1. Can you list residues from other chains, or at least 5 along the same chain, whose modelled amide H is less than 5 Å from the amide H of Thr147?
2. Order of His30, His124 from fewest to most other C-beta atoms within 10 Å?
3. Residue by residue through region 146-154, which ³J(HN,Hα) values in whole Hz follow from phi under the Karplus form 6.51 cos²θ - 1.76 cosθ + 1.60 (θ = phi - 60°), with glycine and proline marked x?
4. Just rank Thr136, Thr147, Thr45, fewest to most, by other beta-carbon atoms within 10 angstrom.
5. Can you pull out the trypsin sites (Lys or Arg not before Pro) in region 74-165 that DSSP calls coil and that have at most 12 other Cβ atoms within 10 Å?
Amino acid sequence: MPTYTPSLLPTGDAGEAFAHSRDRTPVRRHSRFAGRCEAVFWRSTNRQEVRQIVLAARKYELAGKRAGERNGPLGGVAIEILDLMANLVHFRSGRLDPSIEYLMGKLKRSRDAIVRALKALRTHGFLDWLRRYVPTGNQSGPQVQQTSNAYRMSLPRKALQLLGRLAGVAPAPDDFSHAQAARRAALDAHQASLTPEELPLFVVEDDELAASLARLGKAMSLRKERESAERTESQAKFLV
């Protein structure tokens, strides 16, 4: 990741944009534009497949639970989340995008408990997601804001084996490492398509710095547009 030195930032319009650095843009790193990223992520499914994923997760949780411990590798909240998502997913499109607040309300769990459970599901290959953002429509202040993640349920090979004969004719399990590599490639392709204004929001972890650099990118783009228009006007006058 490049290093940005404030003392080297330009003045004028770009400097004025950077002066608003304290306007915080709450968009997390690697977030993608909602509505443009899901087509290659979501996939169609059916009731049998999602119920097998939940059953496999329950068996995986029991198999990994050590004597004397309350929870296994996933935890009870993770099983609750997966069970709820099996009822929320749209089978034909694969759409699955509940907010953290929705999960908290339905399961009566704290935000921390939900977040920990989601991380456990992802770590063990039962769930993956894309962070997303949407435009705010504001003329000033943050131009974009975080929205709910796009989720996808998965059945890892190590859990499928626990189903035994109950696996039936389930689809071939995901290779979790391959899925991670594919997601990384998709993120790289998306990053390459971003404008100078959008790029900081995607790659910079510090929200405040990302917002500043996004404003800077926008100011520089506007300046280039004005300079281009002025050159075109000058050339037109010269030719007259």
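Quick note: the coordinates plus some simple rules give every number you see, no bench work behind them. These figures come from a predicted structure and were not determined experimentally. All Cβ positions, glycine included, derive from the backbone under ideal geometry; neighbour counts span all protein chains shown.
1. Long-range HN contacts for Thr147: Arg132, Tyr133, Val134.
2. Working: His30 16, His124 21.
Arranged by neighbour count, lowest to highest, His30, His124 become His30, His124.
3. For region 146-154, the Karplus-derived couplings read 5, 10, 5, 6, 9, 9, 9, 7, 9 Hz, x marking Gly and Pro.
4. Working: Thr136 12, Thr147 17, Thr45 20.
Ranking Thr136, Thr147, Thr45 by Cβ neighbours within 10 Å, fewest first, gives Thr136, Thr147, Thr45.
5. For trypsin sites (Lys or Arg not before Pro) across region 74-165 that sit outside H, G, I, E and B with at most 12 neighbouring Cβ atoms in 10 Å, the list reads Arg92, Lys108.
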